[in-house]
Amino acid sequence: MKKVLLTGHMGFIGSGLWKRLATKGTYEPEYQLTGIDLKHSSDILHYQYNRFLPEEDIDLVIHLAAKAGVRESVENPKAYWETNVEGTRKILEAYPNTRVLVASSSSAHEPYLNPYAATKYITETIPHSNCCFMRFHTVYNDSARTGMFFDKLFKGEVEYITEHERDFIHLEDMLDAIEALIDNPQVKGTFDIGTGRTIKMNDILPNLPIKTDTPRERQRTCADTSFMKENCGWEAKIKIEDFLEEHSEVLRHYNNG
């Protein structure tokens with residue numbers, strides 16, 4: 001079995017990945033999983049190096065634990081620095097020779113916009129010989145992370161829309177991408193994971209008021225999919241338009257008043 005350390009294993013992406021890896025294998029599990037998560041009373045910031053599992057007992061680290069969100073990062077940049085930069089540094093220094101997959105963000109393309117983006121960009125500069133920094137674009141499904149657009153959409157809590165364009169990637173496609181990276185251990189570097197397609201937010205809910213004062217947010221996100229296609233043979237399959245069509249009754253709630 002491949003022995004995997006997964007941080008943030010109880011989060012939106014992490015819990016989905018944990019479930020998928022835990023059920024891999026026809027006759028016996030393919031992965032032996034160990035998790036670290038604040039929700040499980042374990043915090044990478046308060047781990048001493050000697051409390052991490054020894055490097056010889058881990059084949060792969062998937063580091064998803066992070067503080068996300070632009071607005072909160074503006075209000076509390078210190079917490080974002082500590083978790084995203086110093087927490088990642090701890091992981092990379094604890095496993096200097098082990099392959100590590102790190103969740104970065106599409107926000108790192110414009111690190112000057114907000115503290116969250118800056119921490120993700122700086123994280124990518126931490127030295128490590130065998131690391132992937134995965135610039136995730138906007139991940140969604142019908143039970144999305146609390147506070148995100150689709151979470152508010154399904155709860156009927158969206159009050160306004162923006163003029164942004166976003167590259168939305170479905171959680172299942174994201175998990176496929178991570179598995180593709182696991183299966184291609186020679187791959188390393190910094191690269192996007194997304195669909196390479198965008199949708200305008202005000203096209204989703206055209207009848208809502210438009211908020212234009214969003215200076216700290218990226219106006220347009222669109223993944224460069226060439227790296228993952230060329231190195232892992234991976235491309236996203238699920239289209240946001242098809243997902244929205246499946247949930248058209250939710251959109252009618254807003255667009256019909």
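The values are calculated or read from the model by the stated rules, or taken from the named source; none is laboratory data. Since we're looking at a predicted model, the values are computed, not measured. Here the Cβ positions follow ideal geometry from the backbone for every residue, glycine too, while neighbour counts run over all protein chains shown. Only protein heavy atoms, including side chains, enter the accessible area calculation; ligands, DNA and RNA are left aside. Shrake-Rupley method; radii C 1.70, N 1.55, O 1.52, S 1.80 Å.
I'd like the orientation of helix 12-22 relative to the chain: the angle between its Cα long axis and the longest Cα principal axis, in ° from 0 to 90, rounded to 10.
Computed tilt is about 50 degrees.
For the chain, taking Cα atoms only, what is the radius of gyration to one decimal and the Dmax to the nearest whole Å?
Cα only, the chain: 18.5, 59 Å (Rg, Dmax).
If the elastic network links every pair of Cα atoms under 10 Å, which of TYR112, TYR95, TYR121 fluctuates the most in the Gaussian network model of the chain?
For the chain, modelled as a Gaussian network with Cα springs under 10 Å, the answer is TYR112.
Listed highest first by mean packing, meaning other Cβ atoms within 10 Å per residue, what order do 26-32, 52-58 come in?
Ranking the peptides 26-32, 52-58 by packing returns 52-58, 26-32.
Let me know the whole percent of all Cα-Cα pairs from segment 167-219 that are separated by more than 19 Å. Working shown, then result.
On the way: 695 of 1378 pairs.
More than 19 Å apart: 50 percent of the Cα pairs in segment 167-219.
Any chance you could run the full-extension gain for ARG220 through GLU249? It's 0.36 nm times the residue separation minus the Cα-Cα distance, nm to one decimal.
This chain segment gains 7.7 nm when fully extended.
Roughly how many nanometres apart are two label points built 7 Å out from the Cα toward the Cβ at LYS78 and GLU28?
Each label point lies 7 Å from its Cα, and together they span 5.0 nm.
Quick check of the Kirkwood formula: for segment 110-160, what is the inverse mean of 1/r over all pairs of different Cα atoms, in Å?
Numbers: mean 1/r = 0.0743 Å⁻¹.
After inverting the mean inverse Cα-Cα distance, the result is 13.5 Å.
Kindly report, to the nearest 10 Å², the accessible surface of LEU244 as traced by a 1.4 Å probe over protein heavy atoms only.
Approximately 20 Å² for this residue.
At 4 °C and 1.567 mPa s, grab the translational diffusion coefficient of segment 9-100 from Stokes-Einstein with a Kirkwood Rh over Cα pairs, rounded to a whole number in µm² per second.
Working: Rh = 14.5 Å.
Result for D is 89 µm²/s.
Gaussian network model of the chain, Cα springs within a sub-10 Å range: biggest mean-square fluctuation belongs to which of GLY147, GLY194, GLY16?
Largest GNM mean-square fluctuation: GLY147.
For GLU163, put the label point 7 Å out on the Cα→Cβ axis and report which residues of segment 189-221 keep their amide N under 13 Å from it.
Residues 201-203, 210-215, 219-220 qualify, since their backbone N sits under 13 Å from the label point.
Please state, as a whole number in µm²/s, the translational diffusion coefficient that the Stokes-Einstein equation yields for segment 115-221 at 37 °C and 0.692 mPa s, with Rh defined as the Kirkwood radius across alpha carbon pairs.
208
Using a Gaussian network model of the chain with C-alpha springs under 10 Å, which one of SER105, SER129, SER41 is most mobile by mean-square fluctuation?
Result: SER41 has the largest fluctuation of those listed.
Among the chymotrypsin sites (Phe, Trp or Tyr not before Pro) within segment 134-239, which fall in a DSSP loop and have no more than 13 other Cβ atoms within 10 Å of their own Cβ?
Working: sites: PHE136, TYR140, PHE149, PHE150, PHE154, TYR160, PHE168, PHE191, PHE227, TRP234; in loops: TYR160, TRP234.
In loop regions of segment 134-239 (DSSP not H, G, I, E or B), the sparsely surrounded chymotrypsin sites (Phe, Trp or Tyr not before Pro) are TYR160.
Relative contact order, percent, of the chain when contacts are C-alpha pairs under 8 Å separated by at least 6 residues?
Over the chain, the number comes to 16 percent.
Between their Cα atoms, which of LYS3/LYS200; LYS78/LYS239; LYS3/LYS237; LYS19/LYS90; LYS155/LYS237; LYS90/LYS237 are more than 32 Å away from each other?
With Cα atoms farther than 32 Å apart: LYS3/LYS200; LYS78/LYS239; LYS90/LYS237.
Mind checking the angle between helix 171-182 and the chain's longest principal axis? C-alpha axes, 0 to 90 degrees, to the nearest 10.
30
In square nanometres, what is the average projected area of the Cα convex hull of segment 183-257?
Quarter of the Cα hull surface area: 7.0 nm².
Please give the solvent-accessible surface of LYS200 in Å², to the nearest 10, using a probe radius of 1.4 Å with every protein chain present.
Ignoring ligands and nucleic acids, LYS200 comes out at about 100 Å².
Which cross-chain or sequence-distant (5 or more) residues have an amide H under 5 Å from the amide H of TYR140, H modelled 1.01 Å from N in plane?
Counting only residues 5 or more places away or on other chains, the set is ILE169, HIS170, LEU171.
Taking R0 as 35 Å, what FRET efficiency do you get between LYS39 and GLU235 from their Cβ-Cβ distance, rounded to the nearest 0.05?
On the way: r = 32 Å, r/R0 = 0.92.
Efficiency at R0 = 35 Å is approximately 0.60.
Counting other Cβ atoms within 10 Å of each Cβ, which GluC sites (Glu not before Pro) in segment 225-256 have at most 16 and sit in a DSSP loop? Intermediate values should be presented prior to the final figure.
Working: sites: GLU230, GLU235, GLU241, GLU245, GLU246, GLU249; in loops: GLU235.
Loop-located and lightly packed - GLU235.
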